[in-house]
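Just below is one structure, and these are the notes that go with it.
Every number here is computed from the coordinates shown, using simple stated rules; none is lab data. Computed from a predicted model, the values in this text were never measured in an experiment. Positions of Cβ are generated from backbone atoms using ideal geometry, with glycine treated the same way; all protein chains shown enter the neighbour counts.
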Amino acid sequence: MGLEKFKDRNVGIQQYKVVEHEAFPKSNAQKFARVMKRMVKGELFVGLWVTLRTMYQALFQDDMHTVKYPFEKLPISPRYRAIHEMLRLLESGHYRCIGCGLCEKICISDCIKIDTKYDENQRKEVTEYTINFGRCIFCGYCAEVCPELAIVHGGRYETSSQQRASFSIFEDMLTPIDALSSQKEYPGFGAVSPNADDNIKKTPLAY
Ligand code: SF4
Ligand code: SF4
């Protein structure tokens, strides 16, 4: 291909659409007229109609499309991994955590700190349990590994606080004793899966 032909490839004048330029408005009246001409089009009234229709539905037909957060909140999935909750035994009200330390070991952010001691009955007692929510990445490993369903992920997803220490203390995460009757077996993240029994394998005798 010659150079001239190469330069002229696929760019014939017939492929262009020539845009007609309006004369530039000179007076303010002409500028205003141009603005109005560009602004007031049929689409504007379509948009207004949609807005007014939605407003009418919300006000008079109880068909609201928004929620008044934070007074109203949308339900979140039970599998959502929000701020942790520590559960109690429903029978005795004692916290379920047995201080095994599995959650502390598996935490990949190293943000769980737990301390235990033996009480007068030589039973393990949790003396300190904190989660540093500045480090937690809400991976859910701690809830997955807990053998007692003691630590689970609740639905409290607002994690802002004025104090770093907030939310991190065991007592803050523990179900209040006076709200024990409202604590249900947890259906959310960290709960036993519906087919948990099927997944249990017998330990081999030779093990
Ligand atoms: S959710 Fe993950 S990062 Fe947060 S405390 Fe549990 S294991 Fe650690
Ligand atoms: S894994 Fe469960 S029982 Fe064990 S220390 Fe953590 S919260 Fe307590």
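Could you tell me which of the pairs LYS31/LYS68; LYS37/LYS68; LYS68/LYS184 are separated by over 32 angstrom between their Cα atoms in the structure shown?
LYS31/LYS68; LYS37/LYS68
How large is log10 of I(q)/I(0) for the chain at q = 0.08, 0.13 Å⁻¹ when the intensity is taken from the Debye formula with one equal scatterer per alpha-carbon?
Taken in order of the listed q values, log10 I(q)/I(0) reads -0.58, -0.89.
Provide the gained length on full extension for the span LYS124 to ASN28, in nm with one decimal, where the gain is 0.36 nm per separating residue minus the Cα-Cα distance.
Taking LYS124 through ASN28 to full extension adds about 26.1 nm, to one decimal.
Pull up the cross-link candidates among the aspartates and glutamates for LYS105, meaning alpha carbon to alpha carbon under 14 Å and not fewer than 8 places away within one chain.
Those aspartates and glutamates meeting the cut-off are ASP115, GLU144.
I'm checking a number: the convex hull volume of the Cα atoms of the stretch 84-191, normalised per residue, in Å³. What is it?
109
For the stretch 20-72, which chymotrypsin sites (Phe, Trp or Tyr not before Pro) are both in a DSSP coil and crowded by at most 13 other Cβ atoms within 10 Å?
Listed in order of number, the matching sites are PHE71.
How far is helix 28-39 tilted, in degrees, relative to the longest principal axis of the Cα atoms in the chain, given as a value from 0 to 90 rounded to the nearest 10?
50
Would you mind checking the tilt of helix 42-60 against the longest principal axis of the Cα atoms of the chain, expressed as 0 to 90 degrees and rounded to 10?
Tilt of helix 42-60: around 30 degrees.
Would you mind counting up the charge near LYS117? Only other residues with Cβ under 14 Å from its Cβ, with Lys and Arg at +1 and Asp and Glu at -1.
Combined, the nearby Lys, Arg, Asp and Glu give -3.
Between LYS117 and GLU144, take the C-beta separation as r, use R0 = 30 Å, and let me know the FRET efficiency to the nearest 0.05.
Efficiency for this residue pair is about 0.65.
Given charges of +1 on the Cβ of Lys and Arg and -1 on the Cβ of Asp and Glu, with all other atoms neutral, how large is the dipole of the chain about its Cα centre, in debye to the nearest 20?
Magnitude of the dipole: close to 1620 debye.
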